[in-house]
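Colleague: Take this structure first; my questions come after.
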Amino acid sequence: MYKILFFLILILHFNNILAQEKNQIIVFDGTKTYSVPAFIREGNYYLSLKDFADQLQINYYYNQAAKKIELKNDKYLLKVSSRNPFVILTERKTNSQKVFQLATSTYYVADKIFIPLKYSSDILQRFIGSDLNYEAPNKLIIKRGQFPTEISEDKPDTKFDVTALEIDEKANGTLIRLKSNKRIPSYASSFKDGVLTLIFRKVNADISRTNFEGTGGVVKKIQSRNVGNDLELKIFVGPEYTTNEVINVEKSNDILITIHNKLFVKKDTKPKKEKWEFDVIVIDPGHGGKDAGAIGVNGVKEKDVNLGIALELGKLIQSQMKDVKVVFTRKDDSFVDLYKRGKIANEHNGKLFISIHCNSTPKKPTDANGFEVYLLRPGRTKEAIAIAEFENSVIQYEENPQRYQKLTDENFILVSMAQSAYMRYSEKFAELLHNEFTKHPKLSSRGVKQAGFYVLVGASMPNVLIESGFLSNVSDAKYLASKSGQKEMASYIFDAIKKYRDHYESEMKAN
């Protein structure tokens, strides 16, 4: 009995030795040989960076909580994060950075970060400063004193239209960028059984560079294939997926795809009813104080018109919706930073944010007239972009305008991802506003549009920006400068609020 048990233990011990020898990478460094633990997936060997640094006596900082490691030497810093295909190499002297995208992500196993050896050996060679030869599947040979002049990069095949796929995973979703040599004219999309299928017309891709193995985020996998003259992209997503958006990058042929996930997880099985009640409306009169906004053809200042409409709207809500609290970002001629307006709205747990403005044109007077309602999205027309730039120019009056990131397509998408939970309610309120404005006997409704307004970025709730007529138009300016005009404008907005509240409460009841 004891002999049998002894042999069983001996066999298990022998198998364990074989397994350890198999799951390791052999590093030859001059006359020394090291064994570094490895993680094997689909035939690819992944190197434990922490053990690699220990064996070669490379300084490093390892943040186990954040699952990040940074290797250090006199010349470079090498930053690697778990479950992420991007590696950052920083030259310490110039602080210049180079970002490399691996063909597959790193892995996190047994509290260690593993990097794919096949795709990272050139990067490690650059960092070490010595010639480093990768001999598949699990051998590295380091030749000290031989310094490569430049890292060899896997350059895309120029015969393809779409040359690469970049992934940026965020807490609220994933940003996918398709690098393209030509403008992609159109696309079609469908979603079924956890797979989002996108077909991009009249472009083909380098398939070897447009596939992706997921890292545990909302995107599990991306498969690409060329179908005739078109590119088919299949994005496999988890149950936390909610919505997506596809956008052409301005001044570029690239495509941005956002994959949004569920932002909020209800921890309570019975969430408090009060959390969802329609009980706070935040009214934001644009501009104010040292920022006059647009100046009308009759000399009226936009800041005064905005405040007049806002105060009249507040009176209507307070008199006819006594159970709803009204919060103003300003109630007098004072200057309020843009970021503080959203902060005020969030601190009061607003259920709706309405920013009131007036429109204008560079040339005065103008025939352009009427209302416009804006949603927080990238501007699609030159006019929308110009209006957003004017409204955002208020930051020049602030003490720290550098706090605002330029709303490039990439930054804007990340912002809109955070807003995605409220977008359908913003769209509904915008639609109701447009319907009410069409009833006006003189001013026309110019529809619902989209542009990038900083003031809407900070408000984490359904939100819209209203342009209530053109101060560059003689008739509009006269109407908006009058007390009666401001009251009437407020009444149109209030009628939309009443209908929106009914819609909102019916939705909450159904959910």
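Colleague: For Y45, all conditions in the list (1) loosely packed, with under 14 Cβ neighbours inside 10 Å; (2) of a type in the set (F, W, Y); (3) at pLDDT 80 or above hold save one; what is the number of the exception?
Modeller: (1)
Colleague: Considering only residues that are farther than 27 Å from L480 by Cα and without any contact (Cβ under 8 Å) to a residue 40 or more places away in the chain, which ones fall in segment 334-366?
Modeller: Selection gives E347 alone.
Colleague: Has segment 55-64 got at least one residue that is within 29 Å of the chain's Cα centre (by Cα), surrounded by fewer than 14 Cβ atoms within 10 Å (Cβ to Cβ) and aromatic (F, W, Y)?
Modeller: There is at least one residue in segment 55-64 that is within 29 Å of the chain's Cα centre (by Cα), surrounded by fewer than 14 Cβ atoms within 10 Å (Cβ to Cβ) and aromatic (F, W, Y).
Colleague: Also, I was wondering about something else. Any idea which residue in segment 348-380 is nearest to K442 (Cα to Cα), counting only those that are at pLDDT below 85 and outside any loop (DSSP other than H, G, I, E, B)?
Modeller: Among residues in segment 348-380 that are at pLDDT below 85 and outside any loop (DSSP other than H, G, I, E, B), the one nearest to K442 (Cα to Cα) is L375.
Colleague: Do we find that F236 is surrounded by fewer than 19 Cβ atoms within 10 Å (Cβ to Cβ) and at pLDDT 80 or above in this structure?
Modeller: yes
Colleague: Take the residues of segment 161-204 that are in contact with a Ser or Thr (Cβ under 9 Å, 6 or more places away or on another chain) and aromatic (F, W, Y): which is modelled with the lowest pLDDT?
Modeller: F191
Colleague: Kindly indicate the residue of segment 470-511 that is without any contact (Cβ under 8 Å) to a residue 60 or more places away in the chain and in a loop (DSSP other than H, G, I, E, B) and also surrounded by the most Cβ atoms within 10 Å (Cβ to Cβ) among those meeting that condition.
Modeller: That would be S482.
Colleague: Within segment 135-160, count every residue that is part of a strand (DSSP E or B) and modelled with pLDDT under 70.
Modeller: So the count comes out to 1.
The rows are residues; the columns are (1) charged (D, E, K, R); (2) part of a loop (DSSP other than H, G, I, E, B).
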site: N84; (1), (2): no, yes
site: I88; (1), (2): no, no
site: T94; (1), (2): no, yes
site: K98; (1), (2): yes, no
site: F114; (1), (2): no, no
site: S120; (1), (2): no, no
site: L124; (1), (2): no, no
site: L132; (1), (2): no, no
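The values are calculated or read from the model by the stated rules, or taken from the named source; none is laboratory data. Note that the coordinates shown come from a computational prediction; the quantities given were computed from them, not determined experimentally. We place every Cβ from the backbone using ideal geometry, glycine too, and count neighbours over all the protein chains shown.
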